Amino acid sequence: MSRLVFSRKPMRFAAARVASSLMPGRGAAVGPLSLEPDEQLALPSPEWVRLRPRLAGICGSDIALVDGTASAYFDPLVSYPFVPGHEVVADVVDDPDGARRVVLIPVLSCEVRGITPVCDACAAGSVNLCERAAFGHLEPGLQSGFCTDTGGGWSNEMVAHRLQLVDVPADLSDEDAVVIEPTACAVHAAERYSGRHTAILGAGTMGLLTLAAITVRAERGEVERSGPIVVTARYPEQRRLAKELGADVVCAPDELPRWVRSASQSLVMGDQLTGGAADVIDCVGTSDSVQQALRVVAPAGNVHLVGMPGNVTLEMTSLWHRETCIRGCYAYSRADFARAIDVVRRFSLGRLVGATYQLREFHDAIAHAANAGRRGTVKVAFDLRPKEGK
Amino acid sequence: MPRPGFVLDVDRSTPPTLFWRGENFSLERLPAGRSRVIYPPEPLPALKDIDGAIRTALLHPIDQDPLPAQLFPGMRLTIAFDDVSLPLPKMRRPDTRQRVIEAVLDMAAEAGVDDVHLIAALGLHRRMHDYELRHALGDRIFDAFHPRGMLYQHDAEDYDNLAVLGTTDHGEVLEINKRAAESDLIVYVNINSVPMDGGWKSITTGLASYRCLSAHHTGETLQNTRSLMGHREHSALHKSIWRLGTLLRDSGPKIFQIETTLNTDMFPEQFSFISSREWEWSARERATYLATTKALSKVPVKMARKIFHSIQGPHQMTSVQAGETSAVHERTLAKVYEQQLVHVEGQTDILTLGIPFVCPYNPDGVMNPILVMCMGLGYLFNMYRNKPLVREGGVIIMTHPTYRDFDPVHHPSYIDFFEQVLPDTTDPVVMGQKWEKAYAEDEWYRHLYRTGNAYHGVHPFYAWYWGAHGQQWAGKVIIVGGDPSTVRRLGFTPASTLDDAFEIASDVVGRTPTVTHLHVPALLVADVH
């Protein structure tokens, strides 16, 4: 039994940053993430239960953390030491109703934190916008997996509030279940889809899941597709999946401006299109991707940041001149999980889990996840299920 | 007396053969006992008194009155001329166009004609840069006409200045430059590099609109153009053009066609090894070859390109004829064939082609992958009369680096074509139906064609269509030395060496195929029996 613990060790954090600049994912070997013995956490209140994770995904924000590239913005929103892992499918320990397999809603909202009255955002159901993420009877924590009191999925045991649990339908595999949480993020992003000409930057996990969620919305008749969806993808497997999940055009990142230009019949001024895509969904979150989004978005169009951007440097004159809107897109509401289950089922998205690792193999796991596209993989996860015969 | 072209059967004593590889060369050994190399005829002697010959042609035209007799004060005279796409490489000054147009202008001045417009007959090609116009026409003409707006370039998208002259019984719309259509006389000045050009093609493509060109520049038409450089009756393209020409003759303005032919003296003396026969290379030519290839392999491709595009060829004039278009063109063709025709017996399993740095669509620009296809399958494959040099279902092997490199100023729509159309289809008919319209009507491409120096948005389709017959004819196309992913995007097979290419070809043509190598650059038309 063991768990991966992320501690506050500034020197190691800096070393991880240097190592990852040489090779993404190398931060795991030198950074503040370590394999430690199990430690049982206290249940913060009677509404909390113990979970035994089965699979726990490795998300882009986890990699940023391990590689030392995460923004300092998160410092007040996490409490050390913590066990990462917020994409979790788990068994509830000693559930009175018998065996119960759940996925975690990792956002730690007012109700979960025991805060009454709840903040306006939580009252409105927008737990992703909770104004009390660092308060209440829990230590600060943006989500489970970033809070010292809750533990995280990269372990054999964690704790969660009953409101954080969503039962997994029996027809879904563990692999399907572990992508429900990122799919809920994608469902939230897909709500922004207007049906007009749209560009999705990046065909990693979030790009593909957002595309899948958009396709399901269109299939249900919730939105009419009046313009093409252009997706950028670097690697062959990403291209294949993007086509399968509903992209009209899949192109290399450097080809995007030309595709958007021809689809929107734009002219060009320098590097800037005169027209462009009504909506650009950036699932990469780098300076280059956001800059490219500004280059291809239509005047008065919207750039949605789904990929966590961190520190970026931007030339924003075009944003001012063309009245472009850049808007973040974080997490989900509880209702998004129900829809996420439908999306996962519709496309059998568990197949995106291309590799699983034991916790002791975390160096390899993080390195693989950080280079997933190049290695023909979309999602990498830790497999915490007991092995047969043990 | 220049030696005629001939066919060399390769044996064990045959020295390696020169192949173009874009901005460089290589010497390749072809399989002995079953290979042959077709060498072009040596350059015909140039006309001794070129200006005198031009004047004679204008004063004694074929089936028409002398030019001075057709000129009168107050008339509208339009002089149209071939654009920068030929000759290749560009001609040493004075260019043929300059010599001929100066003679025409002298006669016009003597006749008191003062409403004269000079129009570069671009069709859908890119607008010529001012330095190219100046090079082709000379300082005197350029300085006299260009600043006054009387020397300009045809605009196939300027619908206010296009005129419909009628429709053929096949539904082809004849729509040409309005100034030319409303002139009392069009004088067309042509340079005939290959038999495909000239005749009615000059005006009905060079001064035509997209609508007019789109009648015959299609995948289907080019697939059915089985003799682009030979017999017109086997060319669907030329049959269409000749129908338009007949309509132009019957319904359009008077036309005075001036056609000129050049010999195959294409490269300056210091590059003589390019056109010499390898076993006759002098010590100096061998040294030049070694030094040139070594140096070119060391310099960046951009610099190599710059060096090649700066070359100016002698291109000596061998004939000039003027008068009625059809009659003039028949004489032109006879002279072109006199220079370029080589008698060849039978077809072979494989045709090898060295692809040079330039084709008609990239003067002073990049030979992008689509143009490699166009040059190989559209031009060089089609340099035959009667039947192709390679048997149907045989293999065409080309040598070229086929880099994924484009000239964004000259070829903007080629980039999109490569990224958008080719991954979808390489079938000329399918791409025509599915993609051509969007490119032809794209506002941005129109803008760049009309105001910049870009080929028309639809042009990459035309370049691709040009290779349609060769693409259909060949069982496999292999590019030696090309960027593998780029070559595959074209629908072809990459190979590292010529030997590898023969090995790959063996799947199609067996282990002991017969091979023909077309020795370019000097142009030749293989008369295959």
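A few comments on the model shown:
- Cα-based reach from A:Lys387 at 25 Å (exclusive), listing lysines while leaving out same-chain residues under 8 positions away: A:Lys379
- Degrees, to the nearest 10: A:180-190 long Cα axis against longest axis of chain A: 30
- A cut-off of 5 Å between modelled amide H atoms, ignoring neighbours fewer than 5 places along the same chain, links B:Ile397 with B:Leu351, B:Thr352, B:Leu353, B:Ile478.
- The range A:215-243 versus the range A:244-272: alpha-carbon centroid distance in Å: 14
- Proxy reagent accessibility, fewest Cβ within 10 Å first, across B:Phe502, B:Phe142: B:Phe142, B:Phe502
- Shape of the range B:286-401, Cα gyration tensor, a/c cut at 1.5: oblate
- Cα-Cα over 26 Å, subset of B:Lys387/B:Lys434; A:Lys243/B:Lys302; B:Lys90/B:Lys201; B:Lys48/B:Lys90; B:Lys90/B:Lys437; A:Lys243/B:Lys437: B:Lys387/B:Lys434; A:Lys243/B:Lys302; B:Lys90/B:Lys437
- Working from label points 7 Å from Cα in the Cα-to-Cβ sense, the A:Met269 to A:Trp320 distance is 1.4 nm.
- Max mean-square fluctuation residue, GNM over chain A, Cα-Cα springs under 10 Å, options A:Pro140, A:Pro253, A:Pro96: A:Pro96
- Where trypsin sites (Lys or Arg not before Pro) fall in DSSP loop in the range B:484-529, at most 12 other Cβ within 10 Å: B:Arg511
- Those GluC sites (Glu not before Pro) in the range B:440-529 that DSSP places in a loop and that have at most 14 other beta carbons within 10 Å: B:Glu441
- Alpha-carbon centroids, the range B:498-529 and the range B:396-473: separation in whole Å: 27
- Karplus-derived 3J(HN,Hα), 6.51/-1.76/1.60, for each residue of the range A:92-104, Hz, glycine and proline x: 7, 7, 6, 6, x, 8, x, 4, 9, 9, 9, 10, 9
- Helix B:325-340 axis, angle to chain B major axis (alpha carbon atoms, nearest 10°): 30
- Sites A:Glu131 and B:Ser485 - FRET efficiency at Förster radius 35 Å, r taken between beta-carbons, to 0.05: 0.10
- Proxy reagent accessibility, fewest Cβ within 10 Å first, across B:Thr264, B:Thr204, B:Thr17, A:Thr210: B:Thr17, B:Thr264, B:Thr204, A:Thr210
- Long-range tail of P(r) for the protein assembly as shown (Cα pairs > 55 Å, %): 31
- Shape category assigned to the range A:12-167 from the gyration tensor of Cα positions, a/c cut at 1.5: oblate
- For the range A:193-328, a crude dipole built from +1 on the beta carbon of Lys and Arg and -1 on the beta carbon of Asp and Glu, taken about the Cα centre, is about 160 debye to the nearest 20.
- Across chain B, Cα pairs under 8 Å and at least six residues apart give a relative contact order of 21 percent.
- The H on the amide N of A:Glu87, modeled in the peptide plane, is under 5 Å from the matching H of A:Gly57, each at least 5 residues off or on a different chain.
- Residues B:Leu490, A:Leu314, sorted so that the one with the fewest Cβ neighbours within 10 Å comes first: A:Leu314, B:Leu490
- Listed residues A:Ala42, A:Ala133, A:Ala199, most fluctuating in chain A (Gaussian network, C-alpha, under 10 Å): A:Ala42
- Degrees separating the helix B:236-251 axis from the principal Cα axis of chain B, which is the longest one: 10
- Each helix, a run of at least 4 DSSP H residues, gives -39500 (n - 2.57); summed and divided by the residues of chain B, these come to -9500 deg cm²/dmol at 222 nm.
- For chain B, with +1 on Lys and Arg beta carbons and -1 on Asp and Glu, the positive-most of B:Ile141, B:Ala304, B:His234 along the dipole: B:Ala304
- Cα gyration tensor shape of the range B:186-269, rounded if a/c is under 1.5, else prolate or oblate by comparing a/b with b/c: oblate
- The relative contact order of chain A, computed from alpha carbon pairs under 8 Å that lie at least 6 residues apart in sequence, is 18 percent.
Quick note: the coordinates plus some simple rules give every number you see, no bench work behind them. Because the structure is predicted, anything quoted here is derived from the model rather than measured. No Cβ is skipped: glycine too gets one built from the backbone with ideal geometry, and neighbour counts run over all protein chains shown.
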